[in-house]
Amino acid sequence: MKNLSSSSKQPSALYMLFSVEMWERFNYYGMRAILALFMTKALGFDKATSTQIFGWFTAFVYLTPLLGGYLADRFIGKRRSITIGALIMIAGQYTLALYDIIPAKIALMAGLTLIIIGNGFFKPNISSIVGDLYEPNDKRRDRGFTIFYMGINLGSFIGPIVCGALGQGISWKYGFMAAGTGMILGLITYLSLQKHFLGNIGLKPAVKQSEFSNQPLTKIEKDRIKAIFVLIAFSVFFWCFFEQAGTSLNYFADEATRLPVWDIFGWKIQIQSSFFQSINPMFVLLLAPMFSLLWKKLNKREPSIPNKFGWGLLLQGIAFTIIAIAASIYINGGKAQVSMLFLVATYFFCTTGELCLSPIGLSMITRLSPAKYVSLMMGVWFASSSLGNLFAGQLASFYDRWTLSHLFALPAIMSILFAITMFIMTKKIKTWMHETEY
Ligand code: GLN
């Protein structure tokens, strides 16, 4: 089933995994879009409590992939883990929808816990199985992950709109049920197509499949793990700043930005602050094909992985410089609201940074990790998002306590400093990667 060709055509299994992951992200981001509102409006929690629950929830969602990856590598195999994860997440969404039948707090806690566990089984394995479609030095891998990343963001874009419209417009439970139904559609797609597209890939635990499973790691493998850990350490800060989108940038949209009413063919549409949450996935969808093309066009001059990470951080630095300027205009202008173009430009640069780092990180994990640990290492990659989310919440909690322009200047300065450090370290990290081609 592995497609060995190095032509530019992607393996068709990629598009099957694309659709499954699209539905899973529809389910996750659809629920996430209404969760905080549900907690304050339906359950009567105050903002401090609901944002804290939200922060811990997202941190745990990205922590359990460590365990899910480990179990898949050792015992269960990737394919089965994906099915188990999907089933548990479906159960989680429908449990959330039970809040008016069973005690609401129990529905909330049980539902979120199931989603955390389900995601642990699902997310690292759907990501690492994509890597199994390529031979180690297949140049299509980074581009393949960029395409896969579009599936992620197609789901992330549509989920909040559908679940938001149903949840806020009709009843919260329909929002959660729509999310769960999306995951059901993803599971049906997966179960009906996996045999045809995946052959034997991911059936057995990687440790059992590897002929070297009992041997200690070689020097090259250890070096590569070192390279991965350094890159992951930098990505913690990338996510810490990137995840301001849900909190501080969200408040900025709400309080400090002029939100116009648009007249679209006679329909008056009030731009809402929550709409800004869809800008990032929208930009991913628009820009990912261009990035894919860019890497292809650059061919031999395609930047190395650490170099792309450096660019990711630099672009994020530019994004926060823009919003720091907007914040200082807002403050110095006596809190007169600023144009929404500032936020759009900020999200544009955050997204270009994300595209240099996030799909590349997924691709890197599958290429550089020892075969028997790929899913576990994918879990480590997502753990960086977990830590990033946790720090992001802490940083955002200074929103009312710091001068706003300083709150955004800090990520700007730090991202640029990290980018410079990454550029300086590129050569060293490349030697740890032990690859001639990248
Ligand atoms: N938005 C991407 C996803 O949902 C990346 C998330 C992350 O790694 N923090 O998969």
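Sorting the segments 302-308, 217-223 by their mean number of nearby beta carbons within 10 angstrom, highest to lowest, gives 302-308, 217-223.
Taking A42, A206, A91 as the candidate residues, the one with maximal mean-square fluctuation in a Gaussian network model of the chain, Cα springs under 10 Å, is A42. Can you give the FRET efficiency for I161 and I329, using 1/(1 + (r/R0)^6), R0 = 30 Å, r = Cβ-Cβ distance, to the nearest 0.05? Between I161 and I329 the formula returns 0.45. Taking trypsin sites (Lys or Arg not before Pro) across region 349-438, the ones in a DSSP loop with at most 10 further Cβ atoms lying within 10 angstrom of their Cβ are R401. As a calculated quantity, the FRET efficiency between F75 and K195 at R0 = 30 Å, using C-beta atoms, amounts to about 0.90.
Give me the number: length gained by fully extending S397 to K105, i.e. 0.36 nm times residue separation minus the C-alpha to C-alpha distance, one decimal in nm.
102.7 nm
Distance between the pseudo-spin-label points of I170 and L37 (7 Å out from Cα toward the beta carbon): 1.5 nm. Its Kirkwood hydrodynamic radius, worked out from the mean inverse distance over all distinct Cα pairs, puts the chain at 22.2 Å. Across S127, S415, S171, mean-square fluctuation computed from a Gaussian network of the chain (C-alpha pairs under 10 Å connected) peaks at S171. Taking L368, L98, L390 as the candidate residues, the one with maximal mean-square fluctuation in a Gaussian network model of the chain, Cα springs under 10 Å, is L98. Length gained on full extension, K297 to D46: 85.2 nm, using 0.36 nm per residue less the C-alpha separation.
All of the numbers you see were taken from the coordinates with simple rules; none came from a lab. These numbers were taken from a predicted model, which means no experiment stands behind them. Cβ sites come from the backbone with ideal geometry, for glycine too, and all protein chains shown count toward neighbours.
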